[in-house]
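> My questions will all concern the structure given below.
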Amino acid sequence: MSEAEIPGQGQGEVEVESPSLELDANLVLAAGAGAGKTHALVTVALGLYAGTPGEAGGRAPLEPTEVWAVTFTEKAARELRQRIVARASALARDPEGALADEPELVAMLGDARPSAGRWRAILEQLPLAPIGTFHSLCAQVLRSYAVEAGVDPSFEVLEENGAAELLDGVLDEVLLRELEDPDSHTRAAARALGGPEQLRTALRRLHAKLGEEGRDPRSLLVDADGRAQRGFDRAMARAELGDACEELGEALALLRESKEDRLRPTLRALAIEDDRIGGCEAHAVARWYPALVRVASQRRGKGTLPKRAKRVWEPFAAAWERVQDAVASLGEIDLAQRVVALLETLSRAYAAEKARVGAMDFADLVRGAHDLLRDDRVVRAQLQRRVGALLVDEFQDTNGLQLDLVHLLAEERSQQRAVPRGARASACLPLAARTFAAVGDRKQSIYEFRGADVALFQSLAARARAGEEGLRLAALRRSWRSRPGLVRFANALFDQLLISDDPAGFAVDWIEEVDALSPVREDHELQAGIPAVQLLIGDPSQDARVRRGHEAARLAEHVERLIAARPPLGRADREGTPQPLRGADVAILMRTHGHVARYRRALSERGIASVVVGGRGFFAAREVRELVALMLAIADPGDALASAAVWRSPVWGIDDDSLVALAVADAVAMRHHVEGCGVEGLPTRDAAAVTHMGRLVDRLHHELDRLGPARVLRFAVDRLGVREVLAWDDAGEQRIANVDKLLDLLGSREFAGVGAQAAARRLLERGEDLLDREAPAEVAAAADPNAVRIMTVHASKGLEFPVVVLPELGAEPRGQEGPVVFERELGLAVISPTSWVGVDPAPTPRRSASASRPAATPRVGACSTSPRPGPGTSWCSWVKRPRGGPARATGGGSSTRPCPSSSGAAARASSSSSTRARPSTRTRARPPKTARWPGCSSAWRRCARPRAAGEGSRSRTRPGRSRTGSRPRTEPSSLRPNRAEAVLMSPAPTRCVQRWIGARPSTCATASSRFRSRPSPSSTSARAATC
């Protein structure tokens, strides 16, 4: 085993070649993508079950019920348990034979080899082993100590969608009640934030983030000792305003005495407003502030002043700037207090509603278990006796509350320490020796939007490198998954992205001895010389709306070429020979599901099947909305809108001419056709359809109360032959599966006791919610070996494919999400949209490279980009930088230029020379420059944001402010594509598709619609993109 010291990282050492997995100290295991971290964690668990020899350093065997293994997702927990069971089963069948394939475990066990009987005993106890997610294990703790925790042990755990729906209902009620209260400040808060929808969105986001952090709303404004948080001290803000007003009064006195010609417009305005301005008293800001706005505006755009005029003007400009900052600070403090008050009301109402229905959401589980262990030392001691070792997988995806929970469970047992409220248990409680193991990879932290904080793992690894707190750092650097060229490319890419010299502390650093991977696999002789990475470049001169369609079409063309390529690019057989590439060997990784339909259509036109893995859009699917419309028509046959949606359905509907005839005769509603078609002159087929549907709806209407919505709708589906009709569609299997899923959902507990109209209203609202995460039903096509897999980057984590395609790399990053921002280190920032004029692009999308790397493929990665990279603003410019192994960029010709190898001295010199220039990959959000963080200078507030949909074309600025703070958009660099096959990839806004004009009954207009702004035609049609 070789060891290497990391320069500049303390005097600790890190094991990098063949690290010991024995828990002789608290272990921090850094493992890159495909390096076998789950295998290593299973080895640690098996070693704990078996025990390690030695008089001084050995440890007794632990029972499987004493080894707690925690990970981030249910999928990962199932995989971890399955791997432990599989390897323990092999050891129970043939210990000697199985150990021959377990060199790490043999090194841990030494001469002590457990018998087959011991392994069988371990295997029998594994079903009881506490292996799961933080949420599932916290739920077990709360149910076991329900009395001490003050919860009902039979509580229901709300899934993400269920919790979001419950919160939305409570939020609507709270906002309605507050808006109806004449003494409430909710209306003022909504106006200051840009409208009710912005207020609603801000409350939802703050509530979610505080739940992940385990914080109360009041902690945004005051600390644990009751002192105001930085930037929210009203007394200090008023004192600053007083000083600023005094300075402004002195500057105005000097300005009044001036006779400069260049200041004549300003002096004339000052003379007019002089009586109103007076002495600029701090208590009368509302009187003189508008007047000074008019005075100061006279100097805008007038050129450079001479020196004498500058001596008069500059003190006034500086004092006026200071006054504006002070006034803005007081306004933002008032706005923050109103938002926090609303947030407290929402939190109380949401907690009461959860208590009423006997449910807890995921945040409640972790926070409830944390508070129980923090406050009740007896319970903490009892649980600690049950925890012989605590293993945490995917540690880079944990948050501060989960880290506190780790310290509460794995605390040093010699003495229990108190944890004051508001303090972090991780800062108060040291870890017990040889009890804890964490596995993670800083580069794979992609769940910050769910509260993950990569800084926790970074800090833990730094302390382990320094040998502090009994921690030991080991690194797994051998990549078992990917081709050598792809590994070299990833090393070169992350060497450019990750830095170690970010003074703000937002960067994830690159450490060569820990992060650089070395490939284990070798290219087959048939694939020698084939590029591991292809950069596909499009035409930047095309219109953005056209480019996205061309991107999907050319991507499908390129996938078709790859499938037919010779030599083949597929998975290898047992002899290691590559087999022909199949559709299931290709994964298209999307940023979001917004444009999946476009890519599926392009693949279908090429005769290539595709299947969406996970995804969303179930409630917006056309067949779901059609059945919901039918259910509304059954509930109320007189509902003309629901009836029109039924008539428009291609499954059981009529043509447009017949529908117009029904509308002219005022006979659109189903109730007009109970005795037969109520309109003469319709075509025979349409008249028969109208008669059949009218009689069926009337019959089911009278059975609705007795049978319920689920059984009635199921009968209608069978009677109308919906499945048979949908089977003729190209996506018939998926649509039939969606129908069956909807019927099962209506019969589930979620809709138990809910009437047909209320259920339909709920389903339609979720179909209109762009953030709804309900995935379409799973279909047998998911097992089709010829179907290309389409999924998000997050869904691909841990998977591997021979070919991975990353479209839309040239898409510009998203800006700030709203006027209210919360960042865990910097706290709360609130600003009124009226002071925004633009925004700098946020750098966070670079994080997607960390996600694409673990899903990167054993053989070929097709890395696609679009034609508007913009230096520093898109992934395209970063993908083009590395020089690591076989890679090529393809454009419009027929030649190929491989990227030079990174092994030469020139490449090393290039890498070292670019160290200072490369920007950081901020896996922790850097403060958005739109927000005025407490204590920051006024320059922060002069930065810009993009105009929101529906706003006017002219940006609004704070009175008296210039627009100099907005940074011009960087023009994209010209792309000179190499001559090779062309695959045009380009970013564009979500394009509208033809909106299905069917069911949107009047009954869906609930209280929530009062707060959601009416969508524009483009956004409305975008919502129906999956129809």
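Bear in mind that the values in this text are calculations on the coordinates, not laboratory data. Bear in mind the structure is a predicted one, so any value in this text is a computation, not a measurement. Note that we place each Cβ from the backbone using ideal geometry, even for glycine, and neighbour counts take in every protein chain shown.
> Run the numbers for ALA663 and ASP183: contour at 0.36 nm per residue of separation, minus the present Cα-Cα distance, in nm.
Numbers: separation 480, 0.36 × 480 = 172.80 nm, distance 4.78 nm.
Between ALA663 and ASP183, full extension yields an extra 168.0 nm.
> Distance in nm between label sites at THR684 and SER541, each 7 Å beyond Cα in the beta-carbon direction?
Modelled inter-label distance: 5.9 nm.
> Right, something else. If you stretched the chain out fully between ALA752 and VAL378, how much longer would it get, using 0.36 nm times the residue separation minus the C-alpha to C-alpha distance? Provide the component values of the computation, followed by the final result.
On the way: separation 374, 0.36 × 374 = 134.64 nm, distance 4.06 nm.
Gain on stretching ALA752 to VAL378: 130.6 nm.
> What list do you get for ARG625, ARG488 if you sort them by fewest beta carbons within 10 Å?
On the way: ARG625 24, ARG488 28.
So the ranking, lowest neighbour count to highest, is ARG625, ARG488.
> Quick one: order LYS310, LYS37 by neighbouring beta-carbon count within 10 Å, fewest to most.
Working: LYS310 14, LYS37 20.
Ascending number of Cβ neighbours within 10 Å: LYS310, LYS37.
> Please list the radius of gyration and Dmax for the stretch 66-197, considering alpha-carbon atoms only, with Å as the unit.
25.6, 79
> Using the structure shown, select from LYS37/LYS797; LYS209/LYS354; LYS37/LYS443; LYS75/LYS443; LYS354/LYS797; LYS37/LYS209 the pairs with a Cα to Cα distance greater than 23 angstrom. Don't skip to the end; give the middle numbers.
Working: LYS37/LYS797 13 Å; LYS209/LYS354 18 Å; LYS37/LYS443 14 Å; LYS75/LYS443 20 Å; LYS354/LYS797 33 Å; LYS37/LYS209 29 Å.
Where the Cα-Cα span goes over 23 Å, the pairs concerned are LYS354/LYS797; LYS37/LYS209.
> Obtain the nm distance between the two label points defined at ARG566 and ARG311 by a simple spin-label model: each point lies 7 Å from its Cα along the Cα-to-C-beta direction.
8.9
> Could you give the C-alpha radius of gyration of the stretch 156-357 expressed as a fraction of 2.2 N^0.38 Å, taking N as the number of residues it contains? Write down the numbers at each step before the final one.
Numbers: Rg = 23.1 Å, N = 202, 2.2 N^0.38 = 16.5 Å.
With N residues counted in the stretch 156-357, Rg over 2.2 N^0.38 Å equals 1.40.
> Note the full-extension length gain between SER459 and ARG606 as 0.36 nm times their separation in residues minus their Cα-Cα distance, in nm to one decimal. All intermediate terms of the calculation are to be shown ahead of the outcome.
Details: separation 147, 0.36 × 147 = 52.92 nm, distance 4.97 nm.
Net length gain for the segment: 48.0 nm.
> What is the distance in Å between the Cα centres of the stretch 527-576 and the stretch 651-710?
The distance from the Cα centre of the stretch 527-576 to that of the stretch 651-710 comes to 50 Å.
> Measure off 7 Å from each Cα along the Cα-to-Cβ vector at ASP740 and ASP94, then give the distance between these two points in nanometres to one decimal.
For the pair ASP740/ASP94, the computed spacing is 4.1 nm.
> Got a sec? How would ASP216, ASP495 order by Cβ neighbour count within 10 Å, fewest to most?
Numbers: ASP216 14, ASP495 22.
Lowest count first: ASP216, ASP495.
> For the pair HIS692 and GLU724, what calculated FRET efficiency results from E = 1/(1 + (r/R0)^6), where r is the Cβ-Cβ distance and R0 = 22 Å, to the nearest 0.05?
Numbers: r = 15 Å, r/R0 = 0.70.
After rounding to 0.05, the efficiency reads 0.90.
> Shifting gears a bit: Once amide H atoms are built 1.01 Å from N in the peptide plane, which residues 5 or more positions from ALA620, or in another chain, come under 5 Å H to H?
none
> Which of the GluC sites (Glu not before Pro) across the stretch 587-689 are loop residues per DSSP, with 11 or fewer other Cβ within 10 Å? Intermediate results must be reported in sequence, preceding the final value.
On the way: sites: GLU605, GLU623, GLU626, GLU675, GLU680; in loops: GLU675, GLU680.
Answer in residue order: GLU675, GLU680.
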